[in-house]
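**Student:** First the structure, then my questions, so here it is.
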């Protein structure tokens, strides 16, 4: 993992340092998804044709997190058979 420091301009613009762009193969005009998780900002480059898949994944993750917070979890044991796990998840 590479780490670099950058600064946000008064207009809210952030420069991704050249060495990071080069190693990540980020080209000019690349679009990004921008996530804000309680002040933690994450940029994820959008690959052509992948936007809807990314949004769907985010939705499923958020739904799973809500279910965990509400205590709706199911625990499986790695020693269980595939059928036992399937039965547990489908009940």
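Every number here is computed from the coordinates shown, using simple stated rules; none is lab data. Keep in mind that what you see is a predicted model, and the values were worked out from it rather than measured. Because the Cβ atoms are built from the backbone with ideal geometry, glycine has one as well, and the counts that use them run over all protein chains shown.
**Student:** If each residue of separation counts as 0.36 nm, what is the full-extension length gain between residue 75 and residue 47 once their alpha-carbon separation is subtracted?
**Tutor:** 6.6 nm
**Student:** Related question: How would the chain be classified by its alpha-carbon gyration tensor: rounded, prolate or oblate, with rounded meaning a/c under 1.5 and the a/b versus b/c comparison settling the rest?
**Tutor:** Prolate, since a/c reaches 1.5 and a/b exceeds b/c.
**Student:** Also, quick follow-up: What distance in nm separates the two pseudo spin-label positions at residue 35 and residue 10, each 7 Å out from Cα along the beta-carbon direction?
**Tutor:** 3.3
**Student:** Then there is this: Which residue fluctuates the most in the chain, going by a Gaussian network model with Cα springs under 10 Å, if the choices are 65, 19, 53?
**Tutor:** The residue with the greatest mean-square fluctuation here is 19.
**Student:** Taking 35 Å as R0, compute the FRET efficiency from the Cβ-Cβ separation of residue 24 and residue 67 and round it to 0.05.
**Tutor:** So, using R0 = 35 Å, E works out to roughly 0.60.
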